[in-house]
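A short write-up of the structure that comes next.
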Amino acid sequence: MRKLLAIFYLFSILIGVVFPGDWQVDKGATNTVIFYSSTPVLDFEGTTNSIDGYIYWEGDSLFGDKNEIYFELSLNTFETGIGKRDRDMRDDVLQTDKFPLASFRGSFNQVKKSGVLYKVVVEGEMDLHGIKKRMKINGEIQMSENRMNLKSHFSIFLKDFEIEAPSLMAFFKVADEIKLELDLNLINKSN
């Protein structure tokens, strides 16, 4: 029986069949989520590496027809470099005591191979501040052996999640548009 399974596995590799994929965020690697915010007088960013999630698919092709993507991060872990600003952002803006996590659940809508990269479009639901919003997000995936690197740049708008942009000084509000940059490393757990 083992010989039969080994022959089937070898044959599958030779003809290029891809088995189901179960990829999880590699906690031992560097993973970052950065947000950028602007005002007329000040630009600042916040960073966290506290993200978890997975990419899963079934089928005979990479990112098969039945697939799911899920990522979540703890909003309490963002750091902007100024303790008071971090505390105000957590307490007054994001209300992390009530809404500690942000998450995205979706699936691959498009996958195009471009050299060693896969250009992907995922469609799903962002959950932030107790509000769920449908989104399409572009990204790039690079794969090597049992590792995957996922990068994405996209924007969210605070008003879409019923978050009031905070004021800086008496005259300036933080921009409603928040730009996000993700750089995540995943490891294949389906082996």
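Coordinate-derived values only; no laboratory data. These numbers come from a predicted model, not from an experiment. Note: ideal-geometry Cβ built from the backbone for every residue, glycine included; neighbour counts use all protein chains shown.
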**Complete:** Residue separation between Asn49 and Asp183 times 0.36 nm, minus their alpha-carbon distance, gives in nm 47.3 nm
**Item:** Residue list for the stretch 42-72, given a label point 7 angstrom along the Cα-to-Cβ vector of Gln24 and an amide N cut-off under 15 Å
**Value:** 51-57, 70-72
**Prompt:** If the cut-off is 25 Å between C-alpha atoms, which lysines fall inside it for Lys136, apart from same-chain ones fewer than 8 positions away?
**Reply:** Lys66, Lys112, Lys113, Lys119, Lys151, Lys159, Lys179
**Request:** Just check the stretch 62-191 against the gyration tensor rule for me: Cα atoms, a ≥ b ≥ c as the square roots of the eigenvalues, rounded for a/c under 1.5, and otherwise prolate or oblate depending on whether a/b exceeds b/c.
**Result:** prolate
**Complete:** For the stretch 53-91, listing GluC sites (Glu not before Pro) in a DSSP loop whose Cβ sees at most 16 other Cβ atoms within 10 Å gives none
**Request:** Taking the Cβ of each residue in Arg105, Arg134 as the centre, tally the other Cβ atoms inside 10 Å and list the residues starting with the fewest.
**Result:** Arg134, Arg105
**Fill in**
Note on the stretch 19-188: contact order normalised by length, alpha-carbon pairs under 8 Å, 6 or more apart, percent, works out to 24 percent
**Prompt:** Order of Met126, Met89 from fewest to most other C-beta atoms within 10 Å?
**Reply:** Met126, Met89
